[in-house]
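A short write-up of the structure that comes next.
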Amino acid sequence: METITLNNGVQMPKAGFGVFQVKDENQCMQAVLDAIDAGYRLIDTAQSYGNEEAVGKAIAQTSVPREELFITTKVWISNYGHEKARQSVLDSLAKTGLEYFDLVLLHQPYNDYYGAYRALEDLYKEGKIRAIGVSNFYPDRIVDLCLNVEVKPAVNQIEVNVFNQQIEAQKWNEKYGVQVQAWAPFAEGRNNMFSNPVLQKIGDQYHKSIAQVILRWLVQRNIVPLAKSVKKERMEQNLDIFDFELSNEDMKKIEALDEKTSSFFSHYDPESVERICGMER
Ligand SMILES: NC(=O)c1ccc[n+]([C@@H]2O[C@H](COP(=O)([O-])OP(=O)(O)OC[C@H]3O[C@@H](n4cnc5c(N)ncnc54)[C@H](OP(=O)(O)O)[C@@H]3O)[C@@H](O)[C@H]2O)c1
């Protein structure tokens, strides 16, 4: 798996596998084992996904050495504040059976995220986390954070797909050396993503699927896609994106699909904030 270098020198795979909404323990374990077998090395979980134990069991079972894997988890809002965040990461380590995480992110930009971030900084200095970062931090929040912390976030995981391309957001993240990861690169199939005629036509030229065109487009933009599938043939397909290159003309055609709006919700919308902050971990 090709890697990119984060702002602290740590190598991170160029494409990752996510386990959001894979709640059944056996299914999650099998999905992670299949993903590793397919060639994935970056596995993205979160405290709120309820499957850190299953991810840990798969890591314990695989023959791929721990140091070749890149394991991410995310701290949920109800665990924010310095002490709670620290304890929650130690609990996540215990659940997964790991001695360290490669990356820990703050999942949402709400509640006492500065306190939580300082806990990540401490755990980073203690060697329990190799890189720290955030998720869903829009440009104003990421700039504020970068200007006021000691250890700069290495990663910001945000929604990026062809309908929500985040071109401005990427510029702000890159200005501060923050690597963008794309969640929901397929928008979970919303907006008829998998039958979009523009993407289909582009894919036909390269003998690649729409999913592969989307993931390749992200990689060419220097964004690390996190795709989810519980089907091994799709996992293999979603990794088979390093043997072709989209032309500038095709990149422009995809750029024209940008609607600059989320397929899910805006983190600025007060009702979404109420809903997210009310979610139990
Ligand atoms: N930080 C955040 O707030 C946040 C939010 C959402 C997601 N994430 C992360 O990002 C990861 C990916 O996002 P996501 O799971 O929401 O959605 P996604 O990856 O955009 O879409 C997943 C959907 O696409 C289908 N699919 C996958 N590969 C396919 C292919 N080659 N052809 C056709 N269909 C395909 C999957 O079905 P099957 O499983 O049936 O194949 C599933 O229904 C998550 O798992 C999670 O790790 C983070």
Handout entry: Unique residue being in contact (Cβ under 8 Å) with a residue 60 or more places away in the chain and either under 28 Å from residue 264 (Cα atoms) or surrounded by 18 or more Cβ atoms within 10 Å (Cβ to Cβ) (or both) when the list is 120, 103, 93
Key = 103
Handout entry: Hits in region 121-157 - residues which are of a type in the set (A, V, I, L, M, F, W, C), touching a helix residue (DSSP H, G or I) at 6+ places or on another chain (Cβ under 8 Å) and outside any loop (DSSP other than H, G, I, E, B)
Key = 123, 129, 132, 134, 142, 143, 145
Exercise for the section: Test residue 208 against the criterion of being among the charged types (D, E, K, R), in a loop (DSSP other than H, G, I, E, B) and at pLDDT 95 or above, and give yes or no. Expected result: yes
Exercise for the section: Select from region 15-41 the residues that are within 10 Å of the ligand (Cβ to nearest atom), surrounded by fewer than 24 Cβ atoms within 10 Å (Cβ to Cβ) and of a type in the set (A, V, I, L, M) and list them in ascending order. Expected result: 22
Exercise for the section: Pick out the one residue from 223, 202 that is away from the ligand (no atom under 12 Å from the Cβ), more than 30 Å from residue 115 (Cα to Cα) and crowded, with 16+ Cβ neighbours inside 10 Å. Expected result: 202
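The values are calculated or read from the model by the stated rules, or taken from the named source; none is laboratory data. Everything numeric here is computed off the predicted structure, so don't read it as measured data. No Cβ is skipped: glycine too gets one built from the backbone with ideal geometry, and neighbour counts run over all protein chains shown.
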